[in-house]
Amino acid sequence: MSTKRISLTRYLVEQQRVDGHIPSQLRLLLEVVARACKSISQAVNKGDLGGVLGAASTENVQGEMQKQLDIIANEVLIEANEWGGHLAAMASEEMDSIYVVPNRYPQGEYLLLFDPLDGSSNIDVNVSIGTIFSVLKKPEGSVGVSEQDFLQAGAQQVAAGYCVYGPQTTLVLTVGDGVAMFTLDREQGSFVLTKENVEIPPDTKEFAINMSNMRHWDAPVKRYVDECLAGKEGPRGKDFNMRWVASMVADVHRILTRGGIFMYPWDKREPNKPGKLRLMYEANPMSWLVEQAGGAATNGKDRILDIAPGKLHERVSVILGSKNEVERVTAYHREG
Ligand code: P6P
């Protein structure tokens, strides 16, 4: 790693200069989102001192009790982005319908989707959480903006990333030219490039799944996990380790950093739901990041980024990470 400190702004300007696929409005969008994540990080880091822990008295569109910080993070992202002229509208896990940029501000060509604070169950116990975001372009020629404009496959994203609030606050980003990581330098108040051209090893010995759901899994997932648990003596001929943070941002960050496979599969508890995680603002951005780092992401059968969304808050089964492992689980699903 060269000693030259490259800020997020310089990285984006130089990427723009090199291949021009970060138009100035997209660069502004990414810098505004990064600034919002800095504010969220400060609120999260205050914890009890900030009086922001614990539940709010409201539920989100998913019917989940909201944490105060969920609402704060959502408001920070809305307020940071609505005036800049780069967005037409926003969509959030915490809001039932889309948020159209008010008429008092200029409208832009981008759509921003986010899970403002993913992993909320970990907030009060001081475990890493994060903000996940996805950027789409408003379809050409669409007059005004509606929820329908957001319903694009993940392959249409023009930028995606997350900010993990852990021992470090780290912004992880792709605009389609690999994955870069920026660590927040709190003294300078700026994100500094600390890793680029991130690569996920194609093989792994580490799997991530909520084992307490084992009795509800479909056969292919059960077969894969059983083989991992069988270790050296089993069909895989090697021992595996298991991790489950119950914070997708933390689990995906570990996988981008050292490999692994993350699974939140369909299970029998709610058979009519394709999965627990949300397609538009959790699975799609994470899947693009993972693919850009050489990994793979499927719903057990199909590439997640190819899924045509029917609803803004639709859910999906997620198998992502080290390519050879994801392909193995997907093959087991195809064998039935
Ligand atoms: P469970 C957090 O609520 C989340 O949406 C993801 O970040 C995480 O991977 C998953 O749900 C954890 O779910 O059922 O293990 O608590």
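The values are calculated or read from the model by the stated rules, or taken from the named source; none is laboratory data. Keep in mind that this is a model prediction, so the values were computed, not measured. Neighbour counts run over all protein chains shown; Cβ positions are idealised from the backbone, glycine included.
A few comments on the model shown:
- For the stretch 175-213, a residue qualifies if it is within 16 Å of the ligand (Cβ to nearest atom) and either farther than 21 Å from Ala160 by Cβ or touching a Pro at 6+ places or on another chain (Cβ under 6 Å) (or both), and the qualifying residues are Glu206, Phe207, Ile209, Asn210, Met211, Ser212, Asn213.
- Residues located in the stretch 1-52, provided they are touching a Ser or Thr at 6+ places or on another chain (Cβ under 7 Å), charged (D, E, K, R) and not in a helix (DSSP H, G or I): none
- Output for the stretch 307-331, where each listed residue is among the acidic types (Asp, Glu) and touching a helix residue (DSSP H, G or I) at 6+ places or on another chain (Cβ under 6 Å): Glu314
- Filter pass, Thr257 being away from the ligand (no atom under 16 Å from the Cβ) and in a helix (DSSP H, G or I): yes
- Of all the listed residues (Gly310, Gly275, Gly294, Gly237), the sole one being in a loop (DSSP other than H, G, I, E, B) and either surrounded by 22 or more Cβ atoms within 10 Å (Cβ to Cβ) or within 16 Å of the ligand (Cβ to nearest atom) (or both) is Gly275.
- The sole residue among Val145, Val61 that is part of a loop (DSSP other than H, G, I, E, B), touching a strand residue (DSSP E or B) at 6+ places or on another chain (Cβ under 7 Å) and aliphatic (A, V, I, L, M) is Val145.
- Of all residues in the stretch 120-136, those that are within 10 Å of the ligand (Cβ to nearest atom) have Cβ atoms under 7 Å from Cβ atoms of residues that are in a loop (DSSP other than H, G, I, E, B) and among the aliphatic types (A, V, I, L, M), 6 or more apart or on another chain, in Ser121/Ala246; Asn122/Ala246.
- Residue in the stretch 2-21 that is closer than 25 Å to Pro139 by Cβ, at pLDDT 95 or above, surrounded by 15 or more Cβ atoms within 10 Å (Cβ to Cβ) and not acidic (Asp, Glu) present: no
- Screening the candidates Tyr110, Tyr99, Tyr105 for the property of being touching a residue at least 24 places away in the same chain (Cβ under 8 Å) and of a type outside the set (Lys, Arg) yields one hit, Tyr110.
- Test: residue in the stretch 210-219 that is surrounded by 18 or more Cβ atoms within 10 Å (Cβ to Cβ) and in a loop (DSSP other than H, G, I, E, B): no
- Number of the condition not met by Glu140 [criteria: (1) free of Cβ contacts under 8 Å to residues at least 40 places away in the same chain; (2) over 26 Å from Val101 (Cα atoms)]: (2)
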